[in-house]
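The structure appears right after this line, and notes come after that.
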Amino acid sequence: MNHSNAPSRERGGVALFVYRPVLATMIVAFLVTLGWVSFRGLPVDLFPNIEVPVVTVTTALPGASPEEVESTVTKPLEEAINTASGIDELRSFSQEGLSTIVVSFVLEKDADEAVQDVRDKVNSVLSQLPTGTKPPVISKLDFDAVPVLYIVVSSRRDLRETTEIARKLLKEPLETVPGVGSVVLFGGRERALQVDLIAERLRALDLPVVAVWNAIQAQNLEYPGGRLTAGDRETGVRLQARVRNAEDLANLVIAERNGAIVRLKDVAVVRDGFKEPRQLSRLWVRGRVDTPEESVTLIVFKQARTNTVRVIEAVKARLEELRKALPPDVQTHILGDQSRFIRASIRELQLHLALGAILASLVVFVFLRNWQATLISALAIPTSLIATFIFIRAAGYSLNTMTLLGLTVAVGIVIDDAIVVIENVFRHMEEYGVSAFQAAVQGFREIALAVTATTFSLVIIFLPIAFLKGRAGLFLRQFGWTSAVAVLFSLLVAYVLTPMLSSRLLRPQKVRSKTTGFYRWIEAGYVGVLRWALRHRWAVVLIAVLCVLSTGPIVRFMGKEFIASDDTGEFTVSIEAPSGSSLEATDRLLLSVFERVRAIPEVQAMVLRVGDITTGSEAVHQGNVYVQLVDYRQRKRSQFDVMREIRQILREFPELRAQVTEAALIGGAGGWQFPVNVVLTGPDLDVLESLARHVMSRMRATPGFASVDSSIPNRLPEFQVRVLYDRAQTLGVRAQDVALSLRLLLGGDEVSSFREGVDRYGIWLRLRPEDRRRLDDVLTLPVPSLRGTNVELRNVAHVDFGVAPAAIQHWNRSRVVNVLATLDGLDLGRALDVVRQAFAEVRPSAAYELHVLGRGKIMAETFANFLTAFGLAFVFMYIILAAQFEHFLHPVTILLSIPLTLPFALLSLWLWGENLGLYGLMGTFLLAGVVKKNGILQVDYTNRLRAQGLSRWDALIEANRTRLRPILMTTFTLVMGMVPIALGRGVGAASRASLAKAIVGGQLLSLLITLLIVPVGYSLFDDLTGWVRRRVLRVAPAEAVTPAPSGGAE
């Protein structure tokens, strides 16, 4: 039959593409081609690139104690920064020689504007900072700012030489690789000229250290001298008075005594050495070395908004080239390769996507038993998803866990429209005996309104996720938009491709698909239950109300968390040695921990690091061990089992404060590795420490708390030198000269520099080690006086012995105590309840408060925002459905099924052993949007049948019987599409499994009650409408309502 001769009126409208197959094919081919091209150019990353208005200010004051840093650096900067507008949270950390201030602005603040505001405020107080303070470094927090790669360099050479090789032959070339932000060298020995002053000679010559400092600076310089002009030629003049090596420096004239010149070598030992080490790094790889060897670690950071995988590949490729130029004994080892986890996680999601598509397609075949119908429906999945890559590329998104998760979730949804269309076409062929072409035209026209309403009501569910507020909303935005666009493309496919292919490929079957196999039993059983429900409507309503009311108790009973932890195969063991521990002492303790950990068979490699790797402070009593496990497929135990064993091992070292934490996958997220992160605020720091100790004791006594720690600082022993002002003024000694003398003699300082080729190295001035063992001896050295003579330090200073905190923390400009903990088997919600209860037990007054930070704060924020988003989605769905059906009550009937899904989704999570978190909320949210599509199909066909003259009873029975098969098909395609995610055990599967489990269990558990509540609600609202018409509006009913028969026949 030639369908091209059909009347033009029939060929128009929604069935246009049935008559124009070439046009339909070309539209789909265009979208698929453009989508494939877009896919090939997409960057690959772990998380979406997001920008939050958080600014850090890092200021160094070498040699200063934490209390000095707090009073002279942190407080003035905090006071100035606090006047900036839009600040949400102001935190600071004052440590030895370093001040770090973290300024969090409200999310509405532009990040670049925030940086500029902070920079302006800091510049206004630079003159108030003490002499010797390094210029503050102001930077914007970057969630990408985590190390993407560790390159450990080791050799049999001297460590200083290894450091020079790593710096010149590796670090500097790698910094030029496109996408690399910086390469930080840790644990090396930086070359420097060391001037070790001899105390005895300084005393003998009555030579203050300040005079030596001034002499070196005055005689080691390079200065422009102007220019000479001769005729048409101009020549520059430059003074070059720089030392070139240790010998030149040793021969500098620094003073004159009794007519004789004094050279630097007369009062000091000058040597070509390295800066005082405040860091140390060791590498151990199973099967390669027996004991950890001293090494240099290169930490590679990528630039913001760059492709992580591509950057790592480029770094590795460049490293392979650089290895050829390295000496034979210099070895490099790559650890912490973030691309391994990203690739494995993305690969796992792609596998889930493919398996979900196959399983969803099989559902169609099981119900229709027709391979042509199965093929037509299955085509909707790749065409819709591939077309979505056009949007992902145009929006500037990457192929990350959020966009891929959006596509994976969409697998079971994008096929829905095609299933509804082809099932209706198939039904027309079977029940009315028409040709495939006629069935495609008639069937699609009949179902087009329902399909459109279903699609747009689904889009309305995804859009609130795309616009979700808070920090979680920043991550979920790409998920929401990707899913919404995929669903819209599925509608396009349902209009363009599915009816056209149905008209060409479907063939009549000898046996009706509904009359054979298991389906007829399902249909008969459902119709029987439906008839009972329509006769006992209030019983169904009561059951539904009880189900809805159970939501509250289930929520309170369930565990709550922000996001589940994934097995990344790497973690960190952080330790803090006893107060006053030297670099060597901390190193020995780390080696003791290493000896116990190396016996664990799952451990593949370790990097031991002494010193502060995160903030750059000068503290040497801190250290950590980066642990890398063998691939998860080659070990029987999970990462968390190994972490649990190491926590047991650490109990053998009571002198250590130790924590075992997951590797940070998000940059700038201080404390993110600790699920429990609270601060205690109040006027008295001693009271706060007492409160914190009580809270920590309760936490340690509660099963489920693993590593519990706080910011209660270890007290470092110190000599406190106080200037005797009356005596100092009498002798003409300035406090500034006393402070500078002590800092130079004991702490040392980089007083100048020298060059070798294009490289610049520091010149460090300090007393030699044997002369700075006793403070009493140091105080006998001279300090300059304004009267032209020198005075011994002990004559103008008094010494007390005391202790000082190793670190001081502020929150919103007040001293606070921060309590941190990791969890093992206890959910975050219950853990925070324990903390709050413990604090309430000993809270002395309302002046003392507990504030939840980190994951707990974001969890509460996310739960509140999802509740708001759910309400908005409900309203928007009602608006869409009311506009589609041109009716005020039919949307309410359809939406009755949504509250019923919530308790079943939550119950499903509980049965699976999952806590309620971010992904569980997403699953519950999406389930609510998916379930109501069943109601659309039920109400739409009921209205159609009543318009054809059927009574309400007959229309309800027939409509729900007819629409049962597409409802079951779409339900099970969604379930089967989610099964791979729910059962996934690969990399990254743990965090997203709860989303699928909420959908799978919620769909299956709530299916029957939701299939009954819609027809029951329809009949009740229809009765209400009739009552209003008769009693209120006094209008005769348009249709006589046929009551439900009391007997068995209808």
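The values are calculated or read from the model by the stated rules, or taken from the named source; none is laboratory data. Just so it is clear, the structure is predicted and the values come from calculations on it, not from any experiment. No Cβ is skipped: glycine too gets one built from the backbone with ideal geometry, and neighbour counts run over all protein chains shown.
If you go through segment 833-855 and keep only what is in a helix (DSSP H, G or I), out of contact with any Ser or Thr (no Cβ under 7 Å at 6 or more places or on another chain) and at negative phi, you end up with D833, V835, R836, Q837, A838, F839, A840, E841, V842, R855.
With the structure loaded, tell me whether L916 is over 18 Å from L1004 (Cβ atoms), surrounded by 23 or more Cβ atoms within 10 Å (Cβ to Cβ) and not charged (D, E, K, R) or whether it fails that test. In short, yes.
Restricting segment 920-943 to residues that are among the polar types (S, T, N, Q) and under 38 Å from the mean Cα position of the chain (by Cα) leaves a set whose member that is farthest from A869 (Cα to Cα) is N934. Flag: Y919 does not match the condition of being part of a helix (DSSP H, G or I), over 23 Å from L407 (Cα atoms), among the aromatic types (F, W, Y) and in the same structural domain as S991 (by TED's automatic domain parsing). Scanning segment 334-348 for residues that are in a helix (DSSP H, G or I) and not basic (K, R) yields a count of 8.
Quick check on V540: is it closer than 29 Å to F456 by Cβ, at pLDDT 90 or above and either in contact with a strand residue (DSSP E or B) (Cβ under 6 Å, 6 or more places away or on another chain) or of a type in the set (V, I, T) (or both)? In short, yes. Which of (1) in contact with an Asp or Glu (Cβ under 8 Å, 6 or more places away or on another chain); (2) more than 30 Å from K997 (Cα to Cα) does I342 not meet, given it meets every other one? Condition not satisfied by I342: (2).
Candidates in segment 694-740 are the residues that are of a type in the set (S, T, Y) and under 47 Å from the mean Cα position of the chain (by Cα); of these, the one that is farthest from V817 (Cα to Cα) is T702. Inside segment 191-242, residues that are out of contact with any strand residue (DSSP E or B) (no Cβ under 8 Å at 6 or more places or on another chain) and of a type in the set (G, A, S) make up a count of 4. Being without any contact (Cβ under 8 Å) to a residue 60 or more places away in the chain and within 24 Å of L506 (Cβ to Cβ) is true for just one of I381, I413. Which residue is that? Just one listed residue meets the conditions, I381. When T516, T455 are checked against the criterion of being modelled with pLDDT of 85 or more, farther than 22 Å from L349 by Cβ and either out of contact with any Ser or Thr (no Cβ under 6 Å at 6 or more places or on another chain) or not aliphatic (A, V, I, L, M) (or both), a single residue qualifies: T455.
A single member of E576, E584 is more than 30 Å from F1021 (Cβ to Cβ) and without any contact (Cβ under 8 Å) to a residue 12 or more places away in the chain, and it is E584. Scanning segment 776-820 for residues that are assigned to a loop (DSSP other than H, G, I, E, B) and either surrounded by fewer than 18 Cβ atoms within 10 Å (Cβ to Cβ) or among the polar types (S, T, N, Q) (or both) yields T780, S785, L786, R787, G788, T789, N812, R813.
Restricting attention to segment 385-397, does a residue exist that is within 23 Å of A989 (Cβ to Cβ), buried (at least 22 other Cβ atoms within 10 Å of the Cβ), of a type in the set (S, T, Y) and in the same structural domain as P499 (by TED's automatic domain parsing)? Among the residues of segment 385-397, at least one is within 23 Å of A989 (Cβ to Cβ), buried (at least 22 other Cβ atoms within 10 Å of the Cβ), of a type in the set (S, T, Y) and in the same structural domain as P499 (by TED's automatic domain parsing), which makes the answer yes.
Any residue at all in segment 448-462 that is within 29 Å of I858 (Cβ to Cβ) and surrounded by fewer than 24 Cβ atoms within 10 Å (Cβ to Cβ)? Within segment 448-462, one or more residues are within 29 Å of I858 (Cβ to Cβ) and surrounded by fewer than 24 Cβ atoms within 10 Å (Cβ to Cβ).
Condition check ((1) at pLDDT below 85; (2) over 23 Å from L1008 (Cα atoms); (3) surrounded by 19 or more Cβ atoms within 10 Å (Cβ to Cβ)) across all residues:
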| position | (1), (2), (3) |
| --- | --- |
| L853 | no, yes, yes |
| K857 | no, yes, no |
| F888 | no, yes, no |
| T893 | no, no, yes |
| S897 | no, no, yes |
| L906 | no, no, yes |
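Of the residues A373, A378, the single one that is among the hydrophobic types (A, V, I, L, M, F, W, C) and out of contact with any Asp or Glu (no Cβ under 9 Å at 6 or more places or on another chain) is A378.
Here L98, L77 are screened, and the one residue that is touching a helix residue (DSSP H, G or I) at 6+ places or on another chain (Cβ under 8 Å) and modelled with pLDDT under 90 is L98. Only one of R992, R946, R963, R1029 is assigned to a helix (DSSP H, G or I), buried (at least 24 other Cβ atoms within 10 Å of the Cβ) and either over 37 Å from the mean Cα position of the chain (by Cα) or free of Cβ contacts under 8 Å to residues at least 24 places away in the same chain (or both); which? That would be R963, the only listed residue that is assigned to a helix (DSSP H, G or I), buried (at least 24 other Cβ atoms within 10 Å of the Cβ) and either over 37 Å from the mean Cα position of the chain (by Cα) or free of Cβ contacts under 8 Å to residues at least 24 places away in the same chain (or both). Against the list (1) surrounded by 24 or more Cβ atoms within 10 Å (Cβ to Cβ); (2) without any contact (Cβ under 8 Å) to a residue 60 or more places away in the chain, the condition A466 fails is (1). Among the residues of segment 188-196, are any in a strand (DSSP E or B), assigned by TED's automatic domain parsing to the domain that holds E750 and surrounded by fewer than 17 Cβ atoms within 10 Å (Cβ to Cβ)? No: zero hits. The requirement of being touching a residue at least 24 places away in the same chain (Cβ under 8 Å), touching an Asp or Glu at 6+ places or on another chain (Cβ under 8 Å) and in a helix (DSSP H, G or I) is fulfilled nowhere in segment 510-528; no residue meets it.
This table checks each residue for (1) in contact with a His (Cβ under 7 Å, 6 or more places away or on another chain); (2) among the charged types (D, E, K, R); (3) modelled with pLDDT of 85 or more.
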| site | (1), (2), (3) |
| --- | --- |
| E652 | no, yes, yes |
| A669 | no, no, no |
| P675 | no, no, yes |
| L688 | no, no, yes |
| L691 | no, no, yes |
| I712 | no, no, no |
| G732 | no, no, yes |
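Within segment 535-573, the set of residues being of a type in the set (S, T, N, Q), closer than 19 Å to G704 by Cα and either in contact with a helix residue (DSSP H, G or I) (Cβ under 6 Å, 6 or more places away or on another chain) or without any contact (Cβ under 8 Å) to a residue 12 or more places away in the chain (or both) is empty.
Modelled with pLDDT of 85 or more, more than 23 Å from G412 (Cα to Cα) and out of contact with any Asp or Glu (no Cβ under 6 Å at 6 or more places or on another chain), is that true of T924? Considered against the rule, which asks whether it is modelled with pLDDT of 85 or more, more than 23 Å from G412 (Cα to Cα) and out of contact with any Asp or Glu (no Cβ under 6 Å at 6 or more places or on another chain), T924 comes out as no.
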